[in-house]
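Some notes on the structure that comes next.
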């Protein structure tokens, strides 16, 4: 065995909700696989990583990112997006299909895997539900699954045709896969740019009501329940949506949902406060303070299953436009874990075990990825997180090509300081 692939992470606080591990102990890695946790100390012939005072957790998993390749390489590539991911502690990411051309054929799926061969983290393609993301004709879902797609989505566009969605749910369920649904009634959204509420009313900005999201979620849940199939809901933002999802789960619906850090931390009041900076334009839009309160409760009580970044890069010149004509989207891979730790964990909204569930174990489980656990025999995909490290966000140092973050200059507590993928250290800021 190659000696350089034999590691031990010593004295770290291991947290793995799947195996109910929450203790300070050692973790041994052989040839990219977790050999054991704890037991007799034996560091001979191993590279030793001292994680004293740090959290050792399953590598973070993001099931909703946009990598822009092919066609949008000026904003992001698979390589730069993956580098941004490992800097943020992510070892597995799933890229959405709204590229140019869209990921709607087996050759497109293989292209993603080919480009990701030498990426520092695992990159999994999510394929299109409909051909060309046009919502008219189903993609060749069987071919896409066989090629390695891990889910189906038309993210960026809702599936408006209810019969098409029914057929997609039926076929995806036959394939043992899920749909990741962008829920938006585009007629209710009415080409709005921000949340419809008190702030939009004062400013006269064209706006998107929360029911534009909630109404589509309600329809999709009804179809999923009728068919007895699972469904996953992307970037939930509105309090009305939370209530519908909570009630459906209480009935036993097989559904899961994600929320983003920006929807949990920022309200629509930030938009006029920023001078209508288009960096704050995203879809779904930033909602009201009341929506945030309900969303935080949902993250804590299990109504929301996962945190995802919806990492959506745009070159500076695209965002440097007026609020109405600028594109939607914000990046988040390099700040997500630190934001959740600073503003949800340290404020007592959730604990660190719940953070690991939301950002590692649950997203891996939702899309059935080989990740999210420190089990013996599992891939050694591991994040070492320093919960006391204070740092300031500096977008000029991001690995991402695009810099469209709203968190530049924020002071955060907690940071991913080492990322390990298959036993290989792919990012290291650990002070020794």
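Here are a few things to note about the model shown:
- Every condition in (1) in a loop (DSSP other than H, G, I, E, B); (2) in contact (Cβ under 8 Å) with a residue 60 or more places away in the chain; (3) closer than 19 Å to residue 241 by Cα is met by residue 213 except one, and the failing one is (1).
- Candidates 421, 417, 356 - the one that is in contact (Cβ under 8 Å) with a residue 60 or more places away in the chain, touching a strand residue (DSSP E or B) at 6+ places or on another chain (Cβ under 7 Å) and assigned by TED's automatic domain parsing to the domain that holds residue 284: 356
- Residue 286 being more than 21 Å from residue 185 (Cα to Cα), surrounded by 18 or more Cβ atoms within 10 Å (Cβ to Cβ), in contact with a strand residue (DSSP E or B) (Cβ under 8 Å, 6 or more places away or on another chain) and touching a residue at least 60 places away in the same chain (Cβ under 8 Å): no
- Matching residues, the range 312-338, being under 20 Å from the mean Cα position of the chain (by Cα), outside any loop (DSSP other than H, G, I, E, B) and surrounded by fewer than 22 Cβ atoms within 10 Å (Cβ to Cβ): none
- Put simply, of 87, 117 the only residue that is without any contact (Cβ under 8 Å) to a residue 12 or more places away in the chain and farther than 16 Å from residue 71 by Cβ is 117.
- Tally of residues being surrounded by fewer than 22 Cβ atoms within 10 Å (Cβ to Cβ) and part of a strand (DSSP E or B) across the range 181-210: 1
- Among the residues of the range 12-24, those identified as crowded, with 17+ Cβ neighbours inside 10 Å and out of contact with any helix residue (DSSP H, G or I) (no Cβ under 6 Å at 6 or more places or on another chain) are 12, 13, 14, 16, 21.
- Positions within the range 151-174 being crowded, with 20+ Cβ neighbours inside 10 Å and within 27 Å of residue 327 (Cα to Cα), in sequence order: 151, 152, 153, 154, 155, 158, 159, 165
- Residue within the range 253-271 that is in contact with a strand residue (DSSP E or B) (Cβ under 6 Å, 6 or more places away or on another chain) and either part of a helix (DSSP H, G or I) or on the phi > 0 side of the Ramachandran plot (or both) present: yes
The values are calculated or read from the model by the stated rules, or taken from the named source; none is laboratory data. Worth saying up front: this structure is predicted, and the values here are computed from it rather than measured. Cβ coordinates were reconstructed from backbone atoms using ideal geometry, including for glycine residues, and neighbour counts include every protein chain displayed.
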